[in-house]
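Written out below as structure tokens is the structure these notes cover.
FYI, it's all coordinate maths here, none of it is from the lab. Treat the numbers as computed from the prediction; the structure is a model and nothing was measured. Here Cβ is always computed from backbone atoms with ideal geometry, including for glycine, and neighbour counts include all displayed protein chains.
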Amino acid sequence: MDDLVSKAKDSATEFKEKSGDAFGKAKAGASDALDKAKAGASDAATKLKETTGQLRDQASKMSKIAGNRMSINGTAEITLDAPTTFPASYIRIVPLPEGQSVVQLKSYSGDGESTTYPAYFLQGVVDLESGSLDGQSVPCRFFAQKTADGDVWENVPGQLVVVQFKKNADKIAASFSGAALINLANNSQTNSTGWFECVDLK
Amino acid sequence: MNSNSRLNRTFCFAIAMLTAANFVCGSQSQLLAQSKMMSIPANGFVPEATTLVAACEKNWEDANAYIVSLKAAEKANQLDKVNLKSFGTSAASAAQLYRDSQRLRNFREPAGVDYEYRGDYCRNFLRDAAIKLKTAKRGSEYIAKAEKYKLSSADRRKKALQRVRKLFADGKLDQAEEEMEEILVDVDGFQLWLSPNSSMQIQKQINGVRALLMEPSEKRRESAAAAAFTEALKINDPGIDALLSSINTSISEIATSGNTTIDRKLVTGPQALKEFFLQWQVCQNKLIRCMSISILGNRMDVQVTPAQCIGAQLGTDDWAAAPFRLNAKMTELLPKFIAADLRRAKDEATAKDIYVRYLSTLGFMANKSANELMAACEKELAVLETRSGSLAKSIKNYKKATADMLLWRKRAAASAARSANSTDLNSAANILKDKSFSPNLLKGLDQIAADLQKTVGELNVYASNVQAINDNAGFASVDEQVWATVIGQFDLENEILELRNDLFISPDSPPLSPAAAISVLTAKRKSLTAAGGPISSVQIEAFGTRYSKLPTSMGSFVPLEKMPQTDGNLGKTLLRINLNPSWVQHEHFFKKL
């Protein structure tokens with residue numbers, strides 16, 4: 001099991017790096033298309049398609065290697081009392097009346113009442129009118145629980161977890177480090193790290 | 001019987017109560033204080049009962065203080081040094097305590113049950129003590145004094161008895177009983193010193209007249225009680241039929257004009273809903289009182305029936321069924337205010353305004369037993385989400401933005417509460433409950449007090465579903481036999497502020513979902529999921545006293561989950577547990593105090 005996890009981790013890192021490259025390539029491809037609008041457009045588009053196709057293949061490969069851990073429903077790992085992997089990872093944006101938005105990260109897609117465990121939920125307020133989530137740091141409220149009726153971890157009161165977002169092709173990557181969490185069942189505090197590969201929750 | 005006969009007792013032997021008190025050592029006076037704390041108060045539907053309870057309490061203190069001194073003296077092998085002067089007066093106190101307990105029982109006062117045990121105990125103890133004291137160092141002196149007094153007072157006593165007979169024959173029963181009581185107190189003051197034969201002579205002299213008064217006096221008291229219960233039932237008429245009619249009328253008026261008149265005041269739909277909810281609380285409180293008073297008056301000539309108290313619209317005359325039917329009616333009717341108002345609110349601005357106001361009312365009404373009512377109201381409010389327009393969108397988005405937060409806060413609060421490691425009150429109550437007082441009182445409360453406090457010890461408990469009474473206290477009902485008071489001030493301002501932030505609530509942005517509104521408003525009025533801490537004290541209360549005079553502030557449990565049950569035993573008890581919370585749990589946060 002540990003083997004698979006570390007393999008998945010390696011694949012994820014590899015994937016991240018490759019994605020980064022592909023993204024860069026796609027960017028360059030897009031700029032080219034702009035510059036050589038008439039001639040190069042279709043070429044660039046084809047390149048982009050190929051890259052995206054490569055990414056998808058890699059994704060399904062990784063998914064098989066990791067045993068569905070890196071699934072099409074996203075994945076996440078957060079250090080609570082120990083590094084904990086979560087079965088899914090979703091992101092949702094909800095508009096607020098005054099123009100700001102709520103960004104939510106969660107490990108479940110329904111109303112959460114009958115969720116599978118382990119489960120987490122993060123929520124922060126972000127301004128999306130000036131730009132996308134990509135590259136933003138958002139202070140978030142944090143909750144996690146490993147089993148039903150088990151210990152609940154929450155962000156230390158007054159200290160929000162600062163989550164960094166990065167767009168990752170059709171997923172959103174998010175991460176945080178050095179976050180102060182408190183285990184409400186025994187009042188112990190811990191310094192936590194976490195990363196997420198989220199799919200959009202409509 | 002007026003209070004004078006209880007205060008101006010003529011004793012042959014002078015009393016110096018202080019003398020007896022000198023034998024009472026420190027810890028014993030603590031126990032005395034404790035048993036006073038454990039006394040059952042008078043209902044006082046018949047005012048005379050209140051006087052009798054006060055007299056019982058005093059007689060108990062007098063007799064028990066002397067008994068305590070006798071026990072101490074015997075233990076120290078110093079029976080010869082006991083104050084013999086006070087023996088007679090203590091015996092008189094014990095005998096009157098017992099007689100008054102019977103009078104209280106005639107009045108159907110639960111306190112009578114307790115004082116009967118205490119009176120019996122005192123009489124028996126002193127009767128047994130007489131045997132020892134007669135052979136004590138100066139016992140023979142007092143025996144001689146008593147015999148002498150018996151002879152010298154015989155004439156006076158004979159005339160007094162004749163006076164009683166005449167008063168009775170003239171129909172002046174009250175006065176006859178009063179004067180008989182004076183004779184008895186006088187005789188009790190020396191009777192225990194006499195030899196059995198000598199004592200029997202006096203008994204023969206007074207028993208005839210005494211027997212004459214017995215039954216008529218009992219009947220007089222029972223009649224007075226029946227009349228008082230009848231009056232009390234009329235005063236506490238729940239007015240259910242009238243309430244249901246008013247609600248129906250108001251709903252029609254809201255549907256027509258968006259306003260309705262209650263108690264000559266013109267109000268809106270949300271205001272009407274709140275007002276009728278409050279009236280429901282008052283009505284239910286009265287229903288509980290009527291149940292208790294009616295049962296106290298069982299098999300007496302009470303002129304108001306259960307059916308008359310409950311009314312016609314609920315279609316039952318059964319106390320247990322009445323609250324269920326009332327709940328069902330209210331759950332059916334109250335949401336109609338919302339439905340009527342929303343149908344009229346065609347434009348978005350009006351709809352939003354009325355929606356926010358109803359959420360506020362829901363927050364006011366919500367509590368653990370009101371889940372069905374809340375669900376019915378929320379169903380009506382949900383109609384707004386099916387409309388087209390920005391309001392529907394705003395509500396949906398608000399729910400998306402807050403539902404998870406509430407769910408996780410609930411889990412967090414539960415996790416923290418579990419870590420507090422307190423026993424639930426029901427389990428604690430099972431440790432405390434003793435056959436000698438649960439379900440019915442089988443001993444005097446004085447016999448139970450000390451052991452009960454000892455058992456409480458270090459018990460760390462939590463009470464669920466706590467409602468605030470005022471700034472300093474809340475209460476929680478466990479079941480019909482146990483209830484808890486949560487005493488102490490605590491402030492939740494910070495927790496409420498954090499909750500409002502998490503729910504995007506500000507003075508300009510009200511909550512847009514029932515769940516959010518209920519969360520904040522229950523926090524504000526300290527309606528708690530649980531409160532826990534060490535038990536500070538326990539009390540045994542009488543069912544017939546607690547429920548016959550249930551204060552309106554304890555009407556917050558609406559809807560009532562179950563009508564308290566009794567088989568009518570006058571000595572039926574409740575266990576009241578007082579706890580000083582060291583932590584509180586709201587549905588959406590936990591706080592260590």
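The figures follow:
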{"read-out": "Residue-averaged beta-carbon neighbours from other chains (10 angstrom radius) around A:146-158", "value": "3"}
{"read-out": "Lys, Arg +1 and Asp, Glu -1 on Cβ, resulting dipole of region B:255-393 about Cα centre, debye, nearest 20", "value": "200 debye"}
{"read-out": "Pairwise FRET efficiency - A:Ala169 versus A:Ser137, Cβ, R0 = 25 Å, nearest 0.05", "value": "0.75"}
{"read-out": "Centre separation in Å (Cα based) which lies between region A:125-172 and region B:314-364", "value": "39 Å"}
{"read-out": "Three-way shape call for region B:360-419 based on the alpha-carbon gyration tensor, with the a/c threshold at 1.5", "value": "oblate"}
{"read-out": "Label-zone membership for region B:491-517, site B:Ala403, 7 angstrom Cα→C-beta point, backbone N under 18 Å", "value": "B:503-504, B:511-517"}
{"read-out": "Lys/Arg +1, Asp/Glu -1 at C-beta; chain B dipole; positive extreme among B:Gly457, B:Ile183, B:Ser257", "value": "B:Ile183"}
{"read-out": "Net length gained if the chain between B:Asp128 and B:Lys81 were fully extended (0.36 nm per residue, minus Cα distance)", "value": "15.1 nm"}
{"read-out": "Global geometry of region B:75-230, whether rounded, prolate or oblate, following the gyration tensor of its Cα atoms and the 1.5 cut on a/c", "value": "oblate"}
{"read-out": "Partner chain coverage, peptide A:181-187 - average Cβ within 10 angstrom", "value": "4"}
{"read-out": "Contact order normalised by residue count of region B:355-462, Cα under 8 Å, 6+ apart, percent", "value": "19 percent"}
{"read-out": "Peptides ranked, highest mean first, by Cβ atoms within 10 Å: ranges B:223-232, B:125-134, B:415-424", "value": "B:223-232, B:415-424, B:125-134"}
{"read-out": "Gain on full stretching of the segment that runs from B:Lys58 to B:Lys159 - 0.36 nm per residue minus C-alpha separation", "value": "33.4 nm"}
{"read-out": "Cβ-defined net charge surrounding A:Asp127, 14 Å radius [Lys, Arg +1; Asp, Glu -1]", "value": "-3"}
{"read-out": "Of the trypsin sites (Lys or Arg not before Pro) in region B:320-370, those whose Cβ has at most 13 other Cβ within 10 Å and which sit in DSSP loop", "value": "B:Lys346"}
{"read-out": "Cα-Cα over 21 Å, subset of B:Lys433/B:Lys549; B:Lys219/B:Lys572; A:Lys166/B:Lys400; B:Lys524/B:Lys591", "value": "B:Lys433/B:Lys549; B:Lys219/B:Lys572; A:Lys166/B:Lys400"}
{"read-out": "Charge context of B:Ala225, other residues only, Cβ under 9 angstrom, K/R +1, D/E -1", "value": "0"}
{"read-out": "Charged-residue dipole, Cβ positions (Lys, Arg, Asp, Glu), region B:54-153 about Cα centre, Debye nearest 20", "value": "400 debye"}
{"read-out": "Protection proxy ranking of A:141-153, A:188-200 - average other beta-carbon atoms within 10 Å, highest first", "value": "A:141-153, A:188-200"}
{"read-out": "Cα gyration tensor shape of region A:65-186, rounded if a/c is under 1.5, else prolate or oblate by comparing a/b with b/c", "value": "oblate"}
{"read-out": "Virtual spin-label span in nm between A:Glu129 and B:Phe490, 7 Å along Cα→Cβ", "value": "4.2 nm"}
{"read-out": "Residue-averaged beta-carbon neighbours from other chains (10 angstrom radius) around B:389-401", "value": "3"}
{"read-out": "Distance from region A:80-112 to region B:206-241 (C-alpha centre basis), Å", "value": "70 Å"}
{"read-out": "Angle between chain B longest axis and helix B:111-134 axis [Cα atoms, degrees, rounded to 10]", "value": "30 degrees"}
{"read-out": "Dipole of region B:468-576, positive direction: furthest Cα of B:Gly544, B:Asn472, B:Ser527, with charges on the beta-carbon", "value": "B:Gly544"}
{"read-out": "Taking N as its residue count, the alpha carbon Rg of chain B over 2.2 N^0.38 Å", "value": "1.24"}
{"read-out": "Inter-label distance, nm, simple model (7 Å from Cα along the C-beta direction), B:Gln102/B:Lys265", "value": "5.4 nm"}
{"read-out": "Of B:Lys58/B:Lys85; B:Lys336/B:Lys410; B:Lys368/B:Lys410, those spanning more than 26 Å from alpha-carbon to alpha-carbon", "value": "B:Lys336/B:Lys410"}
{"read-out": "Kirkwood-based shape ratio for the protein assembly as shown, expressed as Rg/Rh from alpha carbons", "value": "1.17"}
{"read-out": "Cα-centred dipole magnitude for region A:61-202, charges only on beta-carbon of K, R (+1) and D, E (-1), debye, nearest 20", "value": "500 debye"}
{"read-out": "Spin-label proximity, B:Asp508 to region A:115-153 - amide N less than 17 Å from point 7 Å beyond Cα toward beta carbon", "value": "A:126-127"}
{"read-out": "Added length on full extension, which subtracts the Cα-Cα distance from 0.36 nm per residue, B:Lys234 to B:Glu215", "value": "4.0 nm"}
{"read-out": "CD proxy at 222 nm, helix term only [per DSSP H run n ≥ 4: -39500 (n - 2.57); per residue of chain B; nearest 500]", "value": "-20500 deg cm²/dmol"}
